[in-house]
1. Among the listed pairs 135/218; 36/100; 128/218, which are separated by more than 30 Å between their Cα atoms?
2. How high is the relative contact order of the chain, given as a whole-number percent (alpha carbon pairs under 8 Å, six or more residues apart)?
3. If amide H atoms are built 1.01 Å from N in the plane of the peptide, which residues on other chains or at least 5 residues away come under 5 Å of the amide H of residue 194?
4. What list of ³J(HN,Hα) values in whole Hz, one per residue of the stretch 90-96 in order, does the Karplus curve 6.51 cos²θ - 1.76 cosθ + 1.60 (θ = phi - 60°) give from phi, with Gly and Pro shown as x?
5. How much length is gained if the chain between residue 43 and residue 302 is pulled fully straight, taking 0.36 nm per residue apart and subtracting their Cα-Cα distance, in nm to one decimal?
6. Label-point separation (nm) for residue 244 and residue 98, each offset 7 Å from Cα along Cα-to-Cβ?
7. Short version: ³J(HN,Hα) in whole Hz for each residue of the stretch 53-69, in order, from phi by Karplus 6.51 cos²θ - 1.76 cosθ + 1.60 (θ = phi - 60°), x for Gly and Pro, what are they?
8. Taking 2.2 N^0.38 Å as the expected size of a compact globular protein, what ratio does the Cα radius of gyration of the chain give against it, to two decimals?
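Every read-out reported here was derived from the displayed coordinates using simple, explicitly stated rules and does not represent laboratory data. Predicted, not measured: the structure shown is a model, and the values here were computed from it. Every residue, glycine as well, gets a Cβ built from its backbone with ideal geometry; the counts of neighbours run over all protein chains shown.
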Amino acid sequence: MNSRERVFAMLEGREVDRLPRMPITMMFASSQIGAKYRDYVSDHRVMVEAQIRTSDAFEFDHVSGISDPTREAYDLGAPVAWFEDQPPAMMEGESLLADKSMLARLQVPDPLSGGRMHDRVRAMALFKDRAGDRKIVEGWIEGPGNQGANLRGIHRLMLDFHDDPAFVRDLFEFIVETAVRFGRAQFEAGADIIGMGDPVASLAGPRLYDEFIGPAHKQIIDRLHAAGARVRLHICGNTRKILRGMGQAGADLVDLDSMVSIAEGREAMGPGQVLLGNIDPVRTLCAGPPERIAAEIAECHRQAGPRYIIGAGCEVPRGTPPAHVRAMWA
């Protein structure tokens, strides 16, 4: 059973020869080939090389196009700050939609128009060509909460939920269309799974999640399923109060961060949901020791039961010792 077969077997509820391994590696992967992180996020060829070499060296079961949360917003014209060896970041004080009336002038971006979205689509095609017969190829999109914060500014968005819910619904409708179009383009280029990152969702609380963010998640997931893609839902942070809603969104795979136990996720989402996680990436995975890492992953597996994929609560930090990464499946 190769990696691709293993992950699909897990997602489909069939027996696997061992647990799949799908930790998020971005800066860790770039460091494995000595690349500056600006090159990793700007040139799909650098990303693909780093991901394949890292996946092979550590026996991961996937390669991934996750890199930073700014691609879609950048292609829409939002101001982004760039750094030589750190992820690009949104410029909160200069948000594209600081003036809400700007939303009516925006058009859903074409993922094949030569911008940063297109660079990720190209990554999917190259992943497919170089490793798609043996590894799961994972694309990535931004979820509605995170993309809303990217475009409007997180502080403004949080006020909008209360002060102007009609605007939020219009904004999320635009974001859903952007996410689906971007996800489909990556799937058509070679991705098997589309990851959707939405850390802002963990800050919204259950009422706002159920009213605004969760329904948008479900729309995106349903439409990507209709196109033939699988979907991974990744929400960083303390998601304890929105676990049930996350499970109802319909993702094939749900990540849990270290603030929430796997047992809580299993109770809220039921026995059929595939869960991934969720040791602390810094205090446990990076700091170790390896024996503790192995023991905590074993406990995650015990709590999750058979429908479980190995990973950390969020990204593997850049300075994590290689022996610590391997200890996750020692």
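1. Details: 135/218 27 Å; 36/100 36 Å; 128/218 27 Å.
Where the Cα-Cα span goes over 30 Å, the pairs concerned are 36/100.
2. Details: 645 pairs, mean separation 57.7, N = 330.
Contact order relative to length: 17 percent.
3. Those qualifying (amide H under 5 Å, at least 5 residues apart or on another chain) are 139, 230, 231, 232.
4. With coefficients 6.51, -1.76 and 1.60, one gets 5, 9, 3, x, 10, 4, 4 Hz.
5. Details: separation 259, 0.36 × 259 = 93.24 nm, distance 3.99 nm.
Stretched out fully, the residue 43 to residue 302 stretch lengthens by 89.3 nm.
6. Between residue 244 and residue 98, the label points sit 4.1 nm apart.
7. Whole-Hz 3J(HN,Hα) from phi for the stretch 53-69: 5, 5, 4, 5, 5, 10, 6, 6, 9, 8, 10, 9, x, 5, 8, 5, x.
8. Numbers: Rg = 18.6 Å, N = 330, 2.2 N^0.38 = 19.9 Å.
Compactness ratio reported: 0.93.
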